[in-house]
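A short worksheet on the structure shown next.
Readers should treat all values here as calculations from the given coordinates under stated rules, not as data from a laboratory. All of these numbers come straight from a predicted model, not from anything done at the bench. Backbone-built Cβ (ideal geometry, glycine too); neighbour counts: all protein chains shown.
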Amino acid sequence: SQESRCKYRQNVIDSSRKAEFIRVKLMSKLTIITGPMFAGKTEELLRRIHRCQISNNKYLLFKPSLDNRYSSAEVVSHQKNKARAIVLQSSNEIDKYASQEKEQTIFFFDELQFFDEGISEKINFLLKRGFLVIGAGLDKNFRGEPFNEVMKTLLSLADEVIKLKAICQVCQGEASYTQRIISGQPAAFDSPLVLIGGQEGYEARCRQCYACPRS
Ligand code: TTP
Ligand code: MG
């Protein structure tokens with residue numbers, strides 16, 4: 001009968017959910033979405049968050065307090081997709097979430113390069129607890145060097161690195177560098193590491209079109 005078929009299907013779903021729970025519990029995973037500015041890192045993070053929303057999978061989205069380009073409690077992409085986020089003043093605040101969440105909860109982080117030094121240890125702790133962690137962050141700074149120690153550590157800790165490319169704004173080739181522009185000129189090497197901004201101060205560039213003069 002229809003009813004017994006439904007019951008059978010429900011049993012199959014329940015047991016595969018149980019199997020999924022065990023898999024998730026045993027197979028924690030760190031995915032880092034990286035690349036230059038304008039590559040769509042935040043877009044990719046939001047796409048995955050959207051899938052959590054559709055499938056009713058619990059998630060938490062964190063952002064550092066430093067990046068205030070957009071309204072503070074939201075993560076917004078260039079395509080204007082957005083999601084509510086928890087703004088962290090310090091990576092120590094993660095402990096509270098690690099202890100109260102079930103293993104199915106997925107932890108998302110945007111702008112990883114702007115969290116404090118303690119973030120890599122906290123993420124490692126989440127992974128040991130069995131959580132899935134998905135984070136986005138810049139691999140290189142405007143100097144063309146690894147962004148900082150946090151990004152170096154997280155990229156080596158990652159089980160999966162998704163390296164996105166942007167379009168070079170000079171030659172339209174594939175871009176993996178971020179060009180900082182100050183008064184229409186390439187910023188000098190000794191310009192400060194952190195300068196919050198978007199299209200007014202930065203361009204995506206390929207290796208050949210990118211420049212960072214050392215004065
Ligand atoms: P991102 O989120 O990496 O930039 P994005 O939103 O353009 O990229 P995506 O579409 O892939 O998400 O944010 C980069 C921030 O970092 C931005 O505020 C500028 C800042 N920044 C620095 O402070 N120093 C640097 O050297 C670089 C390259 C960026
Ligand atoms: Mg972004």
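Some observations on this one:
- Evaluation of residue 162 against (1) surrounded by 12 or more Cβ atoms within 10 Å (Cβ to Cβ); (2) touching a residue at least 40 places away in the same chain (Cβ under 8 Å); (3) within 30 Å of residue 125 (Cβ to Cβ); (4) more than 16 Å from ligand 2 (Cβ to nearest atom) (one fails), failing number: (4)
- Scanning the stretch 32-49 for residues that are within 9 Å of ligand 2 (Cβ to nearest atom), farther than 21 Å from residue 207 by Cβ and either out of contact with any strand residue (DSSP E or B) (no Cβ under 7 Å at 6 or more places or on another chain) or not in a helix (DSSP H, G or I) (or both) returns a single hit, 43.
- Within the stretch 187-212, the residues that satisfy the criterion of being in contact with a Pro (Cβ under 6 Å, 6 or more places away or on another chain) and either of a type in the set (Asp, Glu) or farther than 18 Å from residue 113 by Cβ (or both) are 188, 211.
- Within the option set 181, 196, 123, being surrounded by 15 or more Cβ atoms within 10 Å (Cβ to Cβ), aliphatic (A, V, I, L, M) and outside any helix (DSSP H, G or I) holds for one residue only, 181.
- For the stretch 113-136, a residue qualifies if it is within 16 Å of ligand 1 (Cβ to nearest atom) and among the polar types (S, T, N, Q), and exactly one does: 113.
- Residue that is nearest to residue 34 (Cα to Cα), among those in the stretch 156-178 that are of a type in the set (A, V, I, L, M, F, W, C) and part of a loop (DSSP other than H, G, I, E, B): 164
- Residues being touching a residue at least 12 places away in the same chain (Cβ under 8 Å), farther than 18 Å from residue 212 by Cα and surrounded by fewer than 20 Cβ atoms within 10 Å (Cβ to Cβ) - total across the stretch 165-178: 4
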